[in-house]
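Novice: My structure is below; once you've seen it, I'll send some questions.
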Amino acid sequence: MAFTLPSLPYATNALEPYIDATTMEIHQGRHHKAYVDNLNKALEGQAALASKPIEQLLREIATVPDGIRQAVINNGGGHANHAMFWEIMAPGAGGEPSGPLADDIKATFTDFATFKAQIKDAGVKRFGSGWAWLVLADGKLKILSSANQDSPYMSGQAPIMGVDVWEHAYYLKYQNKRPDYLDAWWNVVNWKAVAERYAKAKAGKL
Ligand code: MN
């Protein structure tokens, strides 16, 4: 069974003015599509691997044959990362989380402002292309960054939320100003979706 490109849950211009419509069109319609297409290509003739949910395929990356493992890391990671990314953004979103997610962010990172500063720092300091993440690792919230399309699932961590810091995610509107993009991005974070991912992760179901 082939992997399929999920549709955006909102219009491409819905995240304006923080993320422009052209960036969204190219990002989802071309970049994400290419990850899905190339993942399917890499898994041709590998029905057992191709039928696993993407998260499981990445968690079990060690079982993927050497010859196609890097292609699955790049394109399977790219597919999972972007599917998460579209899901945790929404128009008219932003603000602050509530409930257990908010409590645990405060308990782990002192306060919400410090948490945001640490995510931004992880994104700004990621050299080249990659992602900044909030993950659940050994039952605890943790901020980290990853290179390229490397997925936290590959190291046994559950990605609660992540922000794409590849230039294709921001260059049309923000050019080289990655910090400005990261500041603006908070306005489109769908905390309800992030909180749902956190609850699922704690239940071992993400
Ligand atoms: Mn991207």
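Novice: Identify the single condition in (1) within 16 Å of the ligand (Cβ to nearest atom); (2) not in a helix (DSSP H, G or I) that THR23 does not satisfy, given that it satisfies every other one.
Specialist: Answer for THR23: the failing condition is (2).
Novice: Also, I was wondering about something else. Go through the stretch 160-179 and give me each residue that's under 30 Å from GLY139 (Cβ atoms) and more than 14 Å from the ligand (Cβ to nearest atom).
Specialist: Residues satisfying the conditions are ILE160, MET161.
Novice: Can you tell which of LYS120, LYS125 is modelled with pLDDT of 95 or more and in contact with a Ser or Thr (Cβ under 9 Å, 6 or more places away or on another chain)? Full working, then the answer.
Specialist: On the way: LYS120 fails: in contact with a Ser or Thr (Cβ under 9 Å, 6 or more places away or on another chain).
Unique residue meeting the criteria: LYS125.
Novice: When you scan the stretch 56-64, do you find a residue that is basic (Lys, Arg), outside the structural domain of GLU167 (by TED's automatic domain parsing), at pLDDT 95 or above and under 28 Å from ASN187 (Cβ atoms), even just one?
Specialist: Taking the stretch 56-64 as the starting set, the residues that turn out to be basic (Lys, Arg) are 59.
Of the ones still in play, those that are also outside the structural domain of GLU167 (by TED's automatic domain parsing) are 59.
So of that shortlist, the ones also at pLDDT 95 or above come out as 59.
Still in the running and under 28 Å from ASN187 (Cβ atoms): none.
No: the stretch 56-64 contains no residue that is basic (Lys, Arg), outside the structural domain of GLU167 (by TED's automatic domain parsing), at pLDDT 95 or above and under 28 Å from ASN187 (Cβ atoms).
Novice: Another question about this same structure. Of the conditions (1) of a type in the set (S, T, N, Q); (2) surrounded by fewer than 19 Cβ atoms within 10 Å (Cβ to Cβ); (3) in contact (Cβ under 8 Å) with a residue 40 or more places away in the chain, ASN176 clears all except one; give me its number.
Specialist: (3)
Novice: How many of the residues making up the stretch 66-85 are within 13 Å of the ligand (Cβ to nearest atom) and buried (at least 20 other Cβ atoms within 10 Å of the Cβ)?
Specialist: Taking the stretch 66-85 as the starting set, the residues that turn out to be within 13 Å of the ligand (Cβ to nearest atom) are 74-75, 77-85.
Restricting the remaining residues to those that are buried (at least 20 other Cβ atoms within 10 Å of the Cβ) gives 75, 77-82, 84.
The qualifying residues number 8.
The values are calculated or read from the model by the stated rules, or taken from the named source; none is laboratory data. What you see is a predicted model; the values in this text were computed from it and never measured. In this analysis, Cβ positions are derived from the backbone assuming ideal geometry, glycine residues included, and neighbour counts consider all displayed protein chains.
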